[in-house]
Amino acid sequence: MTPSARLEAAIEILTSIISERRPAPDALKGWGQAHRFAGSGDRAAIGGLVYDALRRKASSAYLMGADTPRAVVLGMLKRERGLDGEAIARLASGGQYAPAALSDDERARLDGASLDGAPAHIAGDYPDWLDDAFAQSFGDQRAEEGAALASRAPLDLRVNTLKADREKAAAMLADLKPEVTPWSPWGLRIALAADAKAPPIHAEPAFIKGFVEVQDEGSQLAALFSGAKPGEQALDLCAGAGGKTLALAAMMENKGQLFATDDDKRRLAPIHERLTRSGARNVQVRTPKSVHTEIDDLQGRMDLVLIDAPCTGTGAWRRNPDAKWRMRPGALEQRVKEQADILDRAVGFLKPGGRIVYITCSLLDAENGAQVRGFLARHTDFTAAAPGEGVVPGARRSAEGVLLTPQTTGTDGFFVSVLRHS
Ligand SMILES: C[S@@+](CC[C@H](N)C(=O)[O-])C[C@H]1O[C@@H](n2cnc3c(N)ncnc32)[C@H](O)[C@@H]1O
């Protein structure tokens, strides 16, 4: 396909995402099935255009003075890809399979429009209704924080120290030019170009042998900040597919016990294969039963209960730009209630002096600082602390926890609080 035809396809797919409220992966897959002639390079390039348009939807529409899918895609080429009016006119040529030729107004906007004077939620590309929440978290930095959250994320890997060290893993992955991540002691980073497909990391010998796992550096740091130690008794209460569990297991060097569970057995299922590959031998997976008795025997026995809580996922918008425009206020209320319930449940599993490490991939105070303040008000025998002092100098620290963001630490957004029983 020509670059112009890819652009036309991206406009068509964005139309289906916006007008039919279709999830982006679903719309991209549907288009691929209906256009079998498109090769994998075409599909990756079109996916890159669609995701970049979603990332910069509000600011691109503002530049173009219209919020149609065509305007958003054209504006994105200027805003995200740095193309000038001339280059965009060559793509939108009006030729066969190409988008219609630029109107005079479109051309004028692509040549001259800017974001000067745009409100924070436009310059930061986040939903208008979240502006108060962003202001609470970031004050007058919210446009910059939002813009960083709208950027493309790299591919981060965590080196599994049960099997390899960073040098060895990097040498095995040399073709992909991995770089050491700035903060995590286990991280390797692979930069992704806009049109490049993510490398098939699952097919790399380093992955197959369990030397590396895919994990954002922010998620690695959240695990690091748990302070899990060899010999401890630890419970990962929201283990999901096991991203944090695997990191904790490596920190514990196969000594002590790590229990992993989750409310949803389908989410938990992939953990078994991942644990086998990792060489972790001190992890017991407790699959949920219909009546929740699977971890009753752990009451009062844990040094550490990790809660990687269900949350709005606002911190992961770099990876899932579709989600930010689909999020609704009711989802935040629901998550806040679930988080409070899980925090209260965790208390019973601690031994005296034990700690809860509460993690979200949210940037919203309701799920972070306010959630911790609520917990402390209900449980006066706990204190809160922000972990990781000196590890990540740019991160925002508060009495309740530490907040990592794409803008300050170059990671996904993560909040971590250590709640210690006194
Ligand atoms: C952020 S995800 C966990 C991600 C995982 N820890 C990782 O690092 O890959 C949150 C998880 O919490 C689970 N969850 C939601 N409500 C829960 C509850 N009440 N108790 C336990 N787990 C719950 C969800 O099924 C989901 O897998």
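Residues are listed down the side, and each one gets a yes or a no for (1) among the hydroxyl-bearing types (Ser, Thr, Tyr); (2) at pLDDT 95 or above; (3) assigned by TED's automatic domain parsing to the domain that holds Pro200; (4) under 27 Å from the mean Cα position of the chain (by Cα):
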position: Ser40; (1), (2), (3), (4): yes, no, no, yes
position: Lys57; (1), (2), (3), (4): no, yes, no, yes
position: Val73; (1), (2), (3), (4): no, yes, no, yes
position: Glu80; (1), (2), (3), (4): no, no, no, yes
position: Leu91; (1), (2), (3), (4): no, yes, no, no
position: Ala98; (1), (2), (3), (4): no, yes, no, no
position: Ala101; (1), (2), (3), (4): no, yes, no, no
position: Asp104; (1), (2), (3), (4): no, yes, no, no
position: Arg107; (1), (2), (3), (4): no, yes, no, no
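Is it the case that Gln284 is of a type outside the set (Gly, Ala, Ser) and not in a strand (DSSP E or B)? When the stated conditions are applied, Gln284 does not pass them. Filtering segment 15-25 to residues that are part of a helix (DSSP H, G or I) and touching a Ser or Thr at 6+ places or on another chain (Cβ under 9 Å) leaves Thr15, Ile18.
Looking only at residues in segment 246-261 that are within 13 Å of the ligand (Cβ to nearest atom) and without any contact (Cβ under 8 Å) to a residue 60 or more places away in the chain, the one that is farthest from Gln299 (Cα to Cα) is Leu248.
Only residues that are surrounded by 13 or more Cβ atoms within 10 Å (Cβ to Cβ) and at positive phi were counted across segment 99-137, and they come to 1. Would segment 384-403 turn up any residue that is under 20 Å from Ala135 (Cβ atoms), surrounded by fewer than 24 Cβ atoms within 10 Å (Cβ to Cβ), aliphatic (A, V, I, L, M) and modelled with pLDDT of 95 or more? Yes, the conditions are met somewhere in segment 384-403.
All conditions but one from (1) in contact with a Phe, Trp or Tyr (Cβ under 9 Å, 6 or more places away or on another chain); (2) β-branched (Val, Ile, Thr); (3) within 11 Å of the ligand (Cβ to nearest atom) apply to Ile271; the one that does not is (1). Here Asp264 meets the list (1) of a type outside the set (A, V, I, L, M); (2) near the ligand (Cβ under 9 Å from one of its atoms); (3) touching a strand residue (DSSP E or B) at 6+ places or on another chain (Cβ under 7 Å); (4) farther than 16 Å from Ile359 by Cβ almost entirely, failing just condition (3).
The values are calculated or read from the model by the stated rules, or taken from the named source; none is laboratory data. Predicted model, so just to flag it, every value in this text is computed and none were measured. All Cβ positions, even for glycine, are placed from backbone atoms using ideal geometry, and neighbour counts span all protein chains on display.
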